[in-house]
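The values are calculated or read from the model by the stated rules, or taken from the named source; none is laboratory data. Note that the structure is a prediction, hence the values are computed from the model and not measured. All Cβ positions, glycine included, derive from the backbone under ideal geometry; neighbour counts span all protein chains shown. The protein model used for the area step is the full one, side chains on, heavy atoms only, and it has no ligands, DNA or RNA in it. Shrake-Rupley method; radii C 1.70, N 1.55, O 1.52, S 1.80 Å.
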2 protein chains.
Amino acid sequence: MRLLPALLIAVAGIPAAAHADALRDQALDLFKPLPSTIPAIKDNPVTPEKITLGRSLFFDPRLSASGVFSCYSCHNLATGGDDNMETSVGHGWQKGPRNAPTALNAVLNEAQFWDGRADDLKAQAKGPIQAGVEMANTPDNVVATLASMPDYVSKFRAAFPGEGDAVTFDNMARAIEAFEATLITPAPFDAWLNGDDHALTAEAKAGLQLFVDKGCSSCHSGVNVGGHGYYPFGLIEKPGSEVLPPGDKGRFAVTETADDEYVFRAAPLRNVGVTAPYFHSGKVWDLSVAVDIMAESQLGEALQPQETKALVAFLDSLTGTMPEVVVPVLPAETATTPRPTSEIQ
Amino acid sequence: MRLLPALLIAVAGIPAAAHADALRDQALDLFKPLPSTIPAIKDNPVTPEKITLGRSLFFDPRLSASGVFSCYSCHNLATGGDDNMETSVGHGWQKGPRNAPTALNAVLNEAQFWDGRADDLKAQAKGPIQAGVEMANTPDNVVATLASMPDYVSKFRAAFPGEGDAVTFDNMARAIEAFEATLITPAPFDAWLNGDDHALTAEAKAGLQLFVDKGCSSCHSGVNVGGHGYYPFGLIEKPGSEVLPPGDKGRFAVTETADDEYVFRAAPLRNVGVTAPYFHSGKVWDLSVAVDIMAESQLGEALQPQETKALVAFLDSLTGTMPEVVVPVLPAETATTPRPTSEIQ
């Protein structure tokens with residue numbers, strides 16, 4: 001007799017559970033929870049030594065010509081893995097052309113940069129270091145800098161054993177990629193996908209249902225809820241020129257194919273709630289406004305305020321828990337370390 | 001019989017031990033090992049809540065007008081608590097007038113800045129935030145920024161309980177000071193002062209003896225081996241104008257007393273081996289060269305190469321162990337957070 005109330009509750013609970021399961025089944029067809037282990041990287045086995053070296057490099061401002069900027073400067077791990085600016089400020093106070101994307105979970109993107117021009121993070125890492133408006137350095141100067149510090153040399157040897165010349169620009173990029181592979185941020189959405197019914201609020205679940213039903217998930221899907229696939233920004237209706245500046249034709253610059261004009265990689269949406277401002281132009285600070293712009297430009301739909309609100313609640317459930325990152329202690333310069341220069345070439 | 005050899009060694013060891021004790025006694029009269037607990041701060045009790053808040057503030061680039069610079073930018077905890085540049089690069093790519101001093105153990109300095117114009121770190125912290133060539137912000141804009149983020153507001157309330165208006169520019173500075181009080185770096189020299197004969201090499205001990213005998217310790221003494229007391233740079237002979245630019249008259253600008261022309265606070269020497277370049281001008285990268293310049297300009301002495309080498313060995317024994325600092329997760333901006341501006345006023 002004592003068991004009956006529990007049994008009644010269990011029976012009464014079936015419809016709700018069934019409903020949650022239906023949404024979850026639908027979601028699991030489209031999305032994937034983050035892995036519980038560091039993702040494997042093709043052609044770059046992740047080892048503890050590589051992670052340690054990569055963390056040092058990620059934090060080292062001496063990878064820039066001026067000594068002012070490190071990877072961390074624009075991919076700030078204290079602020080969602082980006083820099084909270086429209087576009088980054090770099091060497092000589094120059095402004096970058098596009099909003100800095102987050103480094104968090106980036107290892108799981110199919111390609112890197114807004115136009116997908118780098119296949120992976122080891123290719124990506126080499127870009128900003130050499131870009132004149134960002135870190136303005138050269139591979140030769142980076143290698144000379146690193147090779148001038150014995151502690152770096154032994155860290156490279158430990159990370160790339162058996163290589164005669166371990167301190168190379170390629171290995172620097174591989175180590176940075178290995179460190180970035182640790183920047184995985186499991187979120188309430190993952191807990192829910194993994195079976196915890198209480199991990200999402202009712203509003204977030206309603207937002208997820210809208211996200212699927214309206215078609216957002218046609219482009220923003222997979223483990224990073226985006227980050228793979230290329231689509232024209234303004235599929236149905238081009239947004240205003242402030243949000244979509246005519247001068248930046250997106251993937252067209254990579255493929256030189258007319259079809260790729262204003263085509264961008266679908267943004268990965270993990271941690272979108274803490275990585276304002278939005279879009280490649282970085283012109284929109286309010287996530288609700290960004291959601292409305294996407295609904296209009298990509299789906300031709302004007303959302304009701306409560307729909308926008310529910311979608312934002314779902315997107316906020318993608319804000320994850322940062323792994324603990326301890327600030328590294330970097331090797332000190334030596335007599336042969338190239339000196340920083342803030343001059344603009 | 002088996003005990004004899006050990007006894008003989010012990011007896012033979014006496015003179016060396018006595019010698020070590022004599023040097024240690026001399027050293028303990030002049031210097032002090034770092035404390036094993038967080039130093040107390042006058043008028044600002046250090047609490048865990050204040051430290052947590054202060055760490056967030058220290059790492060937050062939104063304390064600068066541009067959103068580019070945080071305290072951490074120039075007082076980089078990965079590179080000895082400074083930025084390894086002659087003078088720092090700040091807002092609008094402007095250069096600061098003097099070399100950025102290390103934040104490590106700075107709480108133990110008697111006064112802050114090269115000219116001692118701030119009594120303590122809470123006064124110091126307010127300087128760079130407002131300096132036009134550094135973070136170029138205003139107290140009002142900083143408070144508006146912090147008060148716009150509910151997570152910051154509750155952190156301020158936890159750190160300053162019972163204060164009606166906890167989010168103030170003063171409290172920001174107090175919290176930063178509390179965090180900086182945790183940046184204490186015990187070094188081999190401390191272990192030796194505390195009684196570990198093996199913590200210093202013979203060369204470092206010889207360097208310490210020279211440091212005392214030549215008179216370096218007349219100015220560089222106390223727990224930070226400097227950081228208190230003011231002395232003319234070029235007491236015996238002015239160094240060249242590159243190292244001592246005629247335009248920067250040091251403490252004269254603070255006191256407007258002719259006696260204070262080219263007077264500076266004796267630099268605290270902890271971690272000097274990892275905080276090149278040297279002097280307020282930041283013009284000297286090699287510690288040996290800096291030591292020679294000091295010997296000539298302050299003591300009127302030309303050192304023998306082996307003396308310089310021993311002095312550098314002693315100074316290297318002041319390089320301490322960094323406490324583990326975990327990168328904080330900062331509150332995300334809200335709709336009312338003032339936006340960053342890279343414009344130069």
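Provide B:His75, B:His91 ordered by accessible surface of protein heavy atoms (probe 1.4 Å), highest first.
Correct descending sequence by accessible area is B:His75, B:His91.
From Cα pairs below 8 angstrom and at least 6 apart in sequence, can you work out the relative contact order of region A:67-192, rounded to a whole percent?
Worked out over region A:67-192, it gives 22 percent.
Give the long-range amide H neighbours of B:Gly222: residues separated by 5 or more places, or on another chain, with amide H under 5 Å away, using H modelled in the peptide plane at 1.01 Å from N.
B:Phe31, B:Lys32
How far, in nm to one decimal, is A:Pro139 from itself in the other copies if the label point is set 7 angstrom along Cα toward Cβ? Shortest first, please.
Those separations, rounded to one decimal, come out as 5.3 nm.
Pick from B:Ala181, B:Ala310, B:Ala22 the residue whose mean-square fluctuation is largest in a GNM of chain B, springs joining Cα atoms under 10 Å.
Largest GNM mean-square fluctuation: B:Ala22.
Relative contact order for chain A: what percent, with Cα pairs under 8 Å and sequence separation of 6 or more?
RCO, chain A: 24 percent.
Using a 10 Å cut-off on Cβ to Cβ distances, tally the other chain neighbours for every residue of A:323-336 and report the average as a whole number.
Per residue, the number of nearby Cβ atoms from other chains is 6 on average.
Just to be sure I understand: of the beta bridges DSSP finds with both ends in the protein assembly as shown, what percent are antiparallel, rounded to 5?
The answer is about 80 percent antiparallel.
With +1 on the Cβ of every Lys and Arg and -1 on the Cβ of every Asp and Glu, and nothing else charged, how large is the dipole of region A:281-344 about its Cα centre, in debye rounded to the nearest 20?
Dipole magnitude for region A:281-344 comes out near 200 debye.
For the protein assembly as shown, compute Rg over Rh where Rg is the Cα radius of gyration and Rh is the Kirkwood radius from the inverse mean 1/r over Cα pairs.
1.03
For a quick check: with amide H placed at 1.01 Å from N, whose amide H comes under 5 Å from B:Leu183's, ignoring anything fewer than 5 positions away on the same chain?
Amide H neighbours of B:Leu183: B:Asn105.
Evaluated at 4 °C with a viscosity of 1.567 mPa s, what Stokes-Einstein diffusion coefficient in µm²/s does region A:184-312 have when Rh comes from the Kirkwood expression over alpha-carbon pairs?
My calculation gives 83 µm²/s for D.
Report the accessible area of A:Asp120, computed with a 1.4 Å probe over the heavy atoms of all protein chains in place, in Å² rounded to the nearest 10.
Rounded to the nearest 10, that gives 40 Å².
Full-extension gain between B:Asp140 and B:Asp213, please, as 0.36 nm times their residue separation minus the C-alpha to C-alpha distance.
Result: 21.1 nm gained on full extension.
Which value does Rg/Rh take for region B:17-85 over its C-alpha atoms, Rh per Kirkwood?
Ratio value, two decimals: 1.20.
Quick one: which residues, 5 or more positions from A:Lys283 or on another chain, have an amide H under 5 Å from its amide H? H modelled 1.01 Å from N in the peptide plane, none for Pro or chain starts.
Residues meeting the criterion, in which the H sits 1.01 Å from N, are A:Tyr278.
Rounded to whole Å and sorted largest first, what semi-axes of the equivalent ellipsoid does the C-alpha gyration tensor of region A:83-130 yield via the square root of 5 times each eigenvalue?
So the equivalent ellipsoid measures 20, 12, 9 Å along its semi-axes.
Taking the Cα atoms of chain A, report the difference between the largest and smallest coordinate on each principal axis, in whole Å and largest first.
Principal extents (Cα only, largest first): 81, 56, 30 Å.
Quick one: Kirkwood hydrodynamic radius for region A:96-213, alpha-carbon pairs, angstrom, one decimal?
17.2
Over the protein assembly as shown, average the accessible area per residue using a 1.4 Å probe and give it in Å², no decimals.
43
Mind checking A:55-66 for the average number of partner chain beta-carbons within 10 Å of each residue's beta-carbon?
Shielding by partners across A:55-66 averages 2.
Among A:Gly96, A:Gly247, A:Gly229, which one shows the highest mean-square fluctuation when chain A is modelled as a Gaussian network with alpha-carbon springs under 10 Å?
Result: A:Gly247 has the largest fluctuation of those listed.
Roughly how crowded by other chains is peptide A:70-79, in terms of the mean Cβ count from those chains within 10 Å of each of its Cβ atoms?
The per-residue average across the peptide is 5.
How many square angstrom of accessible surface are buried between B and A, both sides summed, with a 1.4 Å probe and rounding to 100?
Between B and A, the summed buried area is about 3100 Å².
Can you work out which chain B residue has the shortest Cβ-to-axis distance for the rotation that carries B onto A, and give it in Å?
B:Trp93, 2
What is the angle, in °, between the Cα long axis of helix A:287-299 and the longest principal axis of the Cα atoms in chain A? Nearest 10 is fine, range 0 to 90.
Roughly 80 degrees between the two axes.
In nm, what does the list of distances from B:Ala302 to its counterparts in the other copies look like, shortest first, when each label sits 7 Å along Cα to Cβ?
B:Ala302 label point versus its equivalents elsewhere: 8.7 nm.
Taking +1 at the Cβ of each Lys and Arg and -1 at the Cβ of each Asp and Glu, which of B:Leu244, B:Ala258, B:Pro338 sits farthest along the dipole of region B:212-345 towards its positive end, judged by Cα position relative to the Cα centre?
B:Pro338
Specify, per residue and in Å³, the volume enclosed by the convex hull of the alpha carbon atoms belonging to region A:260-343.
So the per-residue Cα hull volume is 180 Å³.
What nm distances, shortest first, do you get from the label point of B:Val289 to those in the other copies when the point sits 7 angstrom along Cα to Cβ?
Its label point is 5.2 nm from the equivalent points in the other copies.
With r as the distance between the Cβ atoms of A:Leu299 and A:Ala22 and R0 = 30 Å, compute the FRET efficiency 1/(1 + (r/R0)^6) and round to 0.05.
0.85
How big is the charge dipole of the protein assembly as shown about its Cα centre, in debye rounded to the nearest 20, if each Lys and Arg gets +1 on its Cβ and each Asp and Glu gets -1 on its Cβ?
720
What span do the alpha-carbon atoms of region B:59-156 cover on each of the three principal axes, reported in whole Å from largest to smallest?
36, 31, 26
Counting Lys and Arg as +1 and Asp and Glu as -1, each charge on the Cβ, what is the dipole of region B:29-99 about the Cα centre in debye, to the nearest 20?
That gives a dipole near 120 debye.
Give the angle, between 0 and 90 degrees and rounded to the nearest 10, that separates the Cα long axis of helix A:14-30 from the longest principal axis of the Cα atoms of chain A.
Computed tilt is about 30 degrees.
Helix-only mean residue ellipticity at 222 nm, chain B, DSSP H runs n ≥ 4 weighted -39,500 (n - 2.57), per residue, nearest 500. What is it?
After summing the helix terms and dividing by the residues of chain B, the value is -11500 deg cm²/dmol.
Which FRET efficiency value, to the nearest 0.05, is calculated for A:Lys95 and B:Ser241 with the Förster distance at 35 angstrom and r the Cβ-Cβ distance?
Here the calculated transfer efficiency is 0.45.
How large, in percent, is the carbon and sulfur part of the accessible surface of the protein assembly as shown at a probe radius of 1.4 Å?
Roughly 57 percent, rounded to a whole number.
Once you keep just the Cα pairs under 8 angstrom separated by 6 or more residues, what percentage relative contact order results for region A:64-107?
Reported as a whole number, the value is 32 percent.
Over all distinct Cα pairs, what is the inverse of the mean 1/r for region A:224-274, reported as the Kirkwood hydrodynamic radius in Å?
Averaging 1/r across every pair of different Cα atoms and inverting gives 11.8 Å.
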